[in-house]
Amino acid sequence: MFRLKPLLLLAPLLLQAGTVNAHNHHDELREQFKAALLQTAPLSDEQISALETYSLYPYLEYQQLNSRIDEASADQLQAFVDANADTPLAGRLLFAWARNSGAKADWSAFNQAWQQIQRPDTRLQCLHARYLLDSQQQQKAWAAARSLWSAGHSQPDECDPVFSKWLKSSHFSQQDALNRHLAALLQGRPGLATYAARFITESELQQQAKLARSLYDNPGRLTQEPQLLSPQVPNADQLLVLTVNRLARQDLEQAIRLWVRERQRLQVSAEQFESISKRLGVLMAKRFPTDADSLLASLDPEHKLADLSGWRIRLALVRQDWAEALSLMEKLDESERSNDRWRYWTAIALEQQGKPGREALLRDIATERSFYGFMAAQMLGTPYQLNHTPLMQNTEAKQQLAQQPAFIRIRELLALERYYDARSEWNLAISRMEPEQIHTAAHLAQEWGWYDQGIRGAISSQRWNDMQLRFPNPLPELFEQHAQNRAIDPAWAVAIARQESAFWMQARSHAGALGLMQLMPATARATAKRHAIPLPSLNLLSEPDTNIRLGTAYLSEMAQRFNGNLAYASAAYNAGPSRVSQWLNARGELPLDIWIETIPFDETRNYVQNVLAFRVIYERLAERPVTLLSPDEFNMLALFQQNDG
């Protein structure tokens with residue numbers, strides 16, 4: 001026993017040394033992997049032996065196979081697909097395999113890959129049509145060609161060989177050409193429509209094509225000549241849709257009147273009846289007409305279109321016609337009428353009408369965690385309710401999940417900043433999970449610093465009340481420092497970042513906005529110049545310190561420009577200060593809650609309401625005192641304005 005004691009004393013040190021060695025070995029593998037990704041030559045046996053136990057080795061195999069796909073055999077490609085069926089790489093290689101073999105007209109290999117692809121893109125569909133044709137499956141090939149050719153937009157070059165043969169075959173008809181002519185006009189592609197019309201030689205079909213083009217070029221003609229269309233005219237319903245859509249660009253009111261006059265006579269589908277009626281009505285309402293009530297009512301006399309009904313209510317709010325607003329809200333269906341938005345406005349309308357029920361409604365709404373719930377709570381002087389339901393942590397379940405191959409790969413991909421791959425792995429992994437497992441996975445993602453995916457995981461698992469997961473604050477010191485330097489509320493800046501990027505450092509919008517606070521490059525450069533903030537490269541916008549420093553500087557400019565009103569300033573951060581100034585010039589005399597409710601951009605309206613509510617949530621989670629609105633903002637609400645209704 002005496003001889004064993006020193007070994008027992010040394011055990012913790014030996015274990016610690018083993019852990020360090022394991023970490024060092026993993027770091028070495030990671031560096032070897034990164035180097036191997038850059039090389040163009042095939043992997044050596046030594047590299048394969050060193051890396052095949054590394055969690056991301058399949059990504060290296062994929063790159064090697066994909067870069068030499070011309071040389072790879074079908075057996076090699078299939079073996080990789082089979083071995084990696086639980087990764088996104090299998091699907092990627094199948095697409096590459098199908099495209100490569102299709103381009104070479106290797107139809108046996110193409111069909112082998114095609115049979116395993118669940119959602120082929122248009123390029124692959126074109127190649128499949130060529131495969132069908134070359135394999136003597138003409139009926140199927142012509143059916144595929146017809147489906148692809150009838151689209152109202154140009155198709156990939158891969159379609160050209162099968163189109164060329166189909167257009168010369170007896171299976172192509174002039175009706176096919178007319179169908180594409182109309183589809184192209186409906187999608188606003190007159191050049192393609194002209195091309196399709198070249199194939200029409202029959203007199204009757206030529207007249208139909210000419211009528212369609214005439215209505216496209218001169219949509220107002222139908223308002224004066226209703227006899228141009230009748231239920232007996234082929235495609236009369238689509239020609240009406242084409243005409244109304246074109247006319248709406250020139251004269252929206254005239255387009256609405258034409259649509260209402262003809263939609264039933266020309267027997268448009270129920271789907272188009274609803275979608276076009278809603279689109280035209282909402283478009284008109286967002287122009288804030290002063291005398292369009294009857295016109296909007298004619299689009300939806302039975303109050304079946306929720307979006308249009310909502311805008312009819314908003315126009316009544318703009319006029320502060322409380323009786324009309326209340327009447328319209330009573331006509332909403334139960335699911336719409338019971339949401340927080342319309343319950344809030346019902347309460348305000350009841351008060352303005354001197355009718356009972358306002359306080360009971362507000363007390364009910366104030367139990368909700370929402371913009372309207374917080375508005376109601378502030379009016380009543382009651383605490384804001386977060387309704388937080390924390391996760392009962394199951395450490396064992398989380399550890400087991402972290403050891404699954406997909407999550408081992410995800411963590412390593414995150415370490416290598418391969419975010420697209422990590423997200424692809426995540427999406428595939430959770431597609432096979434129950435909500436409880438997704439919830440656990442979301443907490444695991446948050447622990448790894450993948451905050452935006454944790455938030456998405458809360459949504460995917462419908463764990464709406466897990467506030468710690470949905471509202472992380474990963475960089476409190478940076479927000480505190482830079483917000484205080486700009487004399488703005490740090491929680492407001494955090495709320496902006498939560499709404500803008502969900503704390504994804506590498507976020508890039510379709511418009512080109514970058515980083516945590518989603519700064520447009522031009523805005524970032526101009527802000528940096530005005531505030532003497534170094535910005536030698538836009539790449540720095542993906543670094544939290546620079547992004548938050550610039551974002552809070554710009555946010556402070558918005559606050560100053562709009563006199564500290566966080567609703568106006570938040571709207572300006574999203575939609576631009578010039579546009580918000582225009583809205584204020586047009587409707588700035590409105591009570592603040594009505595102004596917010598009638599922001600014409602849906603995105604900006606939701607953005608403002610979310611940011612104000614998120615600010616409350618962050619302060620409540622931090623157990624700091626907070627109000628949704630400042631005293632000045634609160635006094636601007638409709639409830640405290642003179643009752644003109």
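The values are calculated or read from the model by the stated rules, or taken from the named source; none is laboratory data. Being a predicted model, the structure only gives us computed values, none of them experimental. A quick note on method: Cβ atoms are made from the backbone with ideal geometry, for glycine too, and the neighbour counts reach across all protein chains shown. Calculation scope for accessible area: heavy atoms of the full protein, side chains included, ligands and nucleic acids excluded. Shrake-Rupley method; radii C 1.70, N 1.55, O 1.52, S 1.80 Å.
A few remarks follow.
- Relative to its residue count, the range 452-591 spans a Cα convex hull of 127 Å³ per residue.
- Karplus (6.51, -1.76, 1.60) ³J(HN,Hα), θ = phi - 60°, over the range 280-287, in Hz, Gly and Pro reported as x: 5, x, 5, 4, 5, 4, 6, 8
- Helix-only CD estimate at 222 nm, as mean residue ellipticity for the chain, using -39500 (n - 2.57) per DSSP H run (n ≥ 4): -20000 deg cm²/dmol
- Dipole size of the range 74-216 about its Cα centre, with +1 on Lys/Arg Cβ and -1 on Asp/Glu Cβ: approximately 500 debye, rounded to the nearest 20.
- Ala151 versus Lys304: modelled label distance in nm, points set 7 Å from Cα along the beta carbon direction: 3.3
- The charge dipole of the range 308-382, taken about its Cα centre with unit charges on the Cβ of Lys, Arg, Asp and Glu (plus for the first two, minus for the last two), comes to roughly 160 debye.
- Structural descriptor for the chain: relative contact order 7 percent, calculated from alpha carbon pairs under 8 angstrom and at least 6 residues apart.
- Placing unit charges on each Cβ (+1 for Lys and Arg, -1 for Asp and Glu) gives the chain a dipole about its Cα centre, and among Asn539, Gly91, Pro190 the Cα reaching farthest toward its positive end belongs to Pro190.
- With all protein chains modelled, accessible area of Thr389 [1.4 Å, Å²]: 80
- In the range 577-645, the GluC sites (Glu not before Pro) that fall in loop regions by DSSP, at most 13 other Cβ within 10 Å: Glu589, Glu623
- Every Cα-Cα pair in the range 178-240 was counted, and those over 16 Å apart are 40% of them.
- Net charge in the neighbourhood of Leu132 (other residues with Cβ under 13 Å of its Cβ; Lys, Arg +1, Asp, Glu -1) is +3.
- Karplus (6.51, -1.76, 1.60) ³J(HN,Hα), θ = phi - 60°, over the range 78-86, in Hz, Gly and Pro reported as x: 5, 4, 5, 4, 5, 6, 10, 4, 8
- Taking amide H atoms as placed 1.01 Å from N in the peptide plane, the amide H of Leu519 lies under 5 Å from those of Leu514, each 5 or more residues away in sequence or on another chain.
- Measuring nothing but protein heavy atoms, the accessible surface of the chain at 1.4 Å probe radius is 49 percent carbon and sulfur.
- Listed residues Pro476, Leu299, Leu414: farthest to the positive end of the dipole of the chain (Cβ charges): Leu299
- Rounded to whole numbers, the Karplus 3J(HN,Hα) couplings from phi for the range 122-135 are 5, 4, 5, 4, 5, 5, 5, 4, 5, 4, 4, 5, 6, 9 Hz, using 6.51 cos²θ - 1.76 cosθ + 1.60 with θ = phi - 60°, and x at Gly and Pro.
- The dipole here belongs to the chain: it is taken about the Cα centre, uses +1 on the Cβ of Lys and Arg and -1 on the Cβ of Asp and Glu, and is about 1040 debye.
- Between Gln385, Gln232, Gln63, the Cα set farthest toward the positive side of the dipole of the chain (charges on each charged residue's Cβ, about the Cα centre) is that of Gln232.
- Computed over protein heavy atoms with a 1.4 Å probe, the accessible surface of the chain works out to 49 Å² per residue.
- Structure-derived percent of Cα pairs over 38 Å apart: which label, when the choices are [x] 48; [y] 55; [z] 42: [y]
- Protection proxy ranking of 60-72, 568-580, by the mean of other Cβ atoms within 10 Å over each peptide's residues and highest first, is 568-580, 60-72.
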